[in-house]
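The values are calculated or read from the model by the stated rules, or taken from the named source; none is laboratory data. Note that the structure is a prediction, hence the values are computed from the model and not measured. For neighbour counting, all protein chains shown are included, and Cβ atoms are generated from backbone atoms with ideal geometry for every residue, glycine included. The area values use the complete protein model at the heavy-atom level, side chains included, leaving out ligands, DNA and RNA. Shrake-Rupley method; radii C 1.70, N 1.55, O 1.52, S 1.80 Å.
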Amino acid sequence: MRDKVQVAGVEDTRRRLPGILDAAHRDGIVTIVTKRGVPYAAVTPVSQALRDTPKFSALGGSGKGRYGGAGEFVGRLRDEWP
């Protein structure tokens, strides 16, 4: 089943937050919170948030090569330390 999505402004969200939280938990409804018509945040069921978040182990090696020779540089510093 696909989750339902609703949109609410900041003030409306503030007034209805307990109901929005109940709807997310009970019915899987996602609420996009807008400020002056611009989407700012989402209230989403925990099960969906956990499903869509990558596992830490999946990030292994994702920074490989991004720091140049930083590892080698730190290794040389360690070797020089008395």
Next item on the list: Please list, ordered by first then second residue, the pairs with beta carbon atoms under 6 Å, 6 or more apart or interchain, first in segment 2-27 and over 18 Å from residue 38 (Cβ atoms), second not in a helix (DSSP H, G or I).
Entry: 3/28; 3/30; 4/29; 20/31; 20/43; 23/29; 24/43; 24/45
Item checked: When residues of segment 24-40 are limited to those that are touching a helix residue (DSSP H, G or I) at 6+ places or on another chain (Cβ under 9 Å) and assigned to a strand (DSSP E or B), the one nearest to residue 14 (Cα to Cα) -> 33
Check: If only one of 2, 66, 51 is within 20 Å of the chain's Cα centre (by Cα), open to solvent by 80 Å² or more (accessible area, probe 1.4 Å), modelled with pLDDT under 75 and of a type in the set (D, E, K, R), which one is it?
Finding: 2
